[in-house]
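*Asks:* Here it is, the structure, as structure tokens.
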Amino acid sequence: MLKGNQPIIIALARGLKEKIEPELIKPLEDGRILIISPFDKSVKRVTEQTAEIRNKMMIELADNITVGYASERGKLESLLKTTEKEIIRLV
């Protein structure tokens, strides 16, 4: 995606990073990347719980939801069933 020119949102399941990866700096400066997190910078590790909170945030923020893959009876599949938004599934 970095090779293209489309905007990108990176949603972290932890606090915001102190250092940005070198390959993200130029797109970030160009305004192509937005990095968001629902967590304080003190949250350093991704857990099942932080991933679920991040996923719920993204569902709430999304106008459209496109899912490339969600395992059957998995946590994402379960979470998607709680939304009333239209979900497009890629096969």
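*Asks:* Of the residues that make up the range 61-76, is at least one β-branched (Val, Ile, Thr), in a helix (DSSP H, G or I) and either in contact with a helix residue (DSSP H, G or I) (Cβ under 9 Å, 6 or more places away or on another chain) or surrounded by 13 or more Cβ atoms within 10 Å (Cβ to Cβ) (or both)? Steps first, answer last, please.
*Replies:* Initially, the range 61-76 is screened for residues β-branched (Val, Ile, Thr), giving 65-67.
From what is left, the residues that are in a helix (DSSP H, G or I) are none.
The answer is no; no qualifying residue exists.
*Asks:* Taking the condition of being modelled with pLDDT under 90 and of a type outside the set (D, E, K, R), how many residues in the range 1-26 meet it?
*Replies:* Residues flagged as modelled with pLDDT under 90 and of a type outside the set (D, E, K, R) within the range 1-26 amount to 4.
*Asks:* Only one of LYS26, LYS85, LYS17, LYS56 is of a type outside the set (Ser, Thr, Tyr), open to solvent by 60 Å² or more (accessible area, probe 1.4 Å) and touching a strand residue (DSSP E or B) at 6+ places or on another chain (Cβ under 6 Å). Can you tell me which? I'd like the intermediate steps shown before the answer.
*Replies:* Values: LYS26 fails: touching a strand residue (DSSP E or B) at 6+ places or on another chain (Cβ under 6 Å); LYS17 fails: touching a strand residue (DSSP E or B) at 6+ places or on another chain (Cβ under 6 Å); LYS56 fails: touching a strand residue (DSSP E or B) at 6+ places or on another chain (Cβ under 6 Å).
On inspection, the qualifying residue turns out to be LYS85.
*Asks:* Of everything in the range 42-91, what is basic (Lys, Arg) and under 16 Å from ALA11 (Cα atoms)? Give them in sequence order.
*Replies:* In the first step, residues of the range 42-91 are kept if they are basic (Lys, Arg); the result is 44-45, 54, 56, 73, 75, 81, 85, 89.
Once the filter is applied, which keeps residues that are basic (Lys, Arg) and under 16 Å from ALA11 (Cα atoms), the range 42-91 yields LYS44, ARG45, ARG54, LYS56.
The values are calculated or read from the model by the stated rules, or taken from the named source; none is laboratory data. Everything numeric in this text was worked out from a predicted model, so none of it was measured. We place every Cβ from the backbone using ideal geometry, glycine too, and count neighbours over all the protein chains shown. The accessibility values were calculated without ligands, DNA or RNA, using every heavy atom of the protein model including side chains. Shrake-Rupley method; radii C 1.70, N 1.55, O 1.52, S 1.80 Å.
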